[in-house]
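Chemist: Pasting a structure here, questions to come.
Laboratory data are not the source of any read-out in this text; all were calculated from the coordinates shown. What you are looking at is a predicted structure, and each value in this text was computed from that prediction instead of being measured. As a convention, Cβ positions derive from the backbone with ideal geometry for all residues, glycine included, and neighbour counts pool all protein chains shown.
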Amino acid sequence: MSRIGRQPITVPSGVNATIENGLFRVKGPKGELQVPFNPALNVQQDEGGIVVTRPTDRPEHRSLHGLTRTLIANAVQGVSNGFTINLELKGVGYRARLNGRNLEMTIGYSHPVIIEPPEGVTFTVPEPTRIDVSGIDKQLVGQVAANVRKVRKPDAYHGKGVRFVGEKIALKAGKAGATGGKGKK
């Protein structure tokens, strides 16, 4: 039995969940999400929370069991608390600001880079070198944060670029012969 799949999902107060043919809907204070799931799996709601069970131990049911439970748990957490991913800018003159809803970044190109957030995702810029990506859909928030990072990935020699907060960048050594000195004759 899947260790993750058999754990019940607790539904906080203020969150309403409904289960229909292959579709899990959840509504909370931050918004509403729908999660489709394989109808072969059994999703039930009782006093203890939401429980996902699988009909057999066949490989396709085993692989869907933990996945379905995690997707439903992420939807419940998203509509109650939401998700936030923090990014930071490293580099001389690198900065970000909000232009309405859009994110405008100056990151070493000859022009500012403007990113428009999709529906359900918001940007905040608490400092000129920090960007917070927030929303209720964990997958969408992660994808938007990855797209922002992809605009200027941290380079391997100086570490300049957009990175996740706390991300470690392994820096490469520069040229060994660049220290100056006499060459061979």
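Chemist: If R0 is 22 Å, what FRET efficiency do you get for Glu127 and Lys175 from their C-beta distance, rounded to 0.05?
Modeler: Efficiency, from the Cβ-Cβ distance: 0.05.
Chemist: Helix 138-151 versus the longest principal axis of the chain: what is the Cα-based angle in degrees, 0 to 90, to the nearest 10?
Modeler: For helix 138-151, the angle is close to 10 degrees.
Chemist: As I understand it, the value is the acute angle between the Cα axis of helix 59-80 and the longest principal axis of the Cα atoms of the chain; what does it come to in degrees, rounded to 10?
Modeler: 80
Chemist: Also, I was wondering about something else. Test of the criteria: in segment 48-137, which trypsin sites (Lys or Arg not before Pro) are in a DSSP loop and have at most 12 other Cβ atoms within 10 angstrom of their Cβ?
Modeler: For trypsin sites (Lys or Arg not before Pro) across segment 48-137 that sit outside H, G, I, E and B with at most 12 neighbouring Cβ atoms in 10 Å, the list reads Arg101.
Chemist: Per 0.36 nm of contour for each residue apart, how much would the distance between Asp46 and Val165 grow if the chain were fully extended, relative to their Cα-Cα spacing?
Modeler: The span from Asp46 to Val165 would gain 39.0 nm if fully extended.
Chemist: Between His158 and Leu67, what is the FRET efficiency for a Förster distance of 41 Å, r being their Cβ-Cβ separation, to the nearest 0.05?
Modeler: With a Förster radius of 41 Å, E is 0.55.
Chemist: In addition: Would you please name the chymotrypsin sites (Phe, Trp or Tyr not before Pro) within segment 36-120 that are DSSP coil residues with at most 13 other C-beta atoms within 10 Å of their C-beta?
Modeler: Tyr109
Chemist: Under a Cβ-Cβ cut-off of 11 Å, what is the net charge of the residues other than Leu64 that fall near it, where Lys and Arg count +1 and Asp and Glu count -1?
Modeler: Around Leu64, the surrounding residues sum to +3.
Chemist: Charges only on Cβ, +1 for Lys and Arg, -1 for Asp and Glu: so what's the dipole of the chain about the Cα centre, in debye to the nearest 20?
Modeler: For this selection, approximately 1520 debye.
Chemist: Could you work out the relative contact order of segment 16-80, using alpha carbon pairs under 8 angstrom and six or more residues apart, expressed as a whole percent?
Modeler: Reported as a whole number, the value is 31 percent.
Chemist: In percent, what relative contact order does the chain have, based on Cα pairs under 8 Å that are 6 or more apart in sequence?
Modeler: 17
Chemist: Given the rule -39500 (n - 2.57) for each run of at least 4 DSSP H residues, summed and divided by the residues of the chain, what is its mean residue ellipticity at 222 nm, to the nearest 500 deg cm²/dmol?
Modeler: Here the helix-only value at 222 nm equals -6500 deg cm²/dmol.
Chemist: If the limit is 30 Å between Cα atoms, which of Lys138/Lys172; Lys90/Lys138; Lys27/Lys90; Lys27/Lys160; Lys30/Lys160; Lys150/Lys172 go over it?
Modeler: Violating the 30 Å limit, Cα to Cα: Lys138/Lys172; Lys27/Lys90; Lys27/Lys160; Lys30/Lys160.
Chemist: Given a Förster radius of 22 Å and the C-beta distance between Arg6 and Asn81 as r, what FRET efficiency does 1/(1 + (r/R0)^6) yield to the nearest 0.05?
Modeler: The value I calculate is 0.40.
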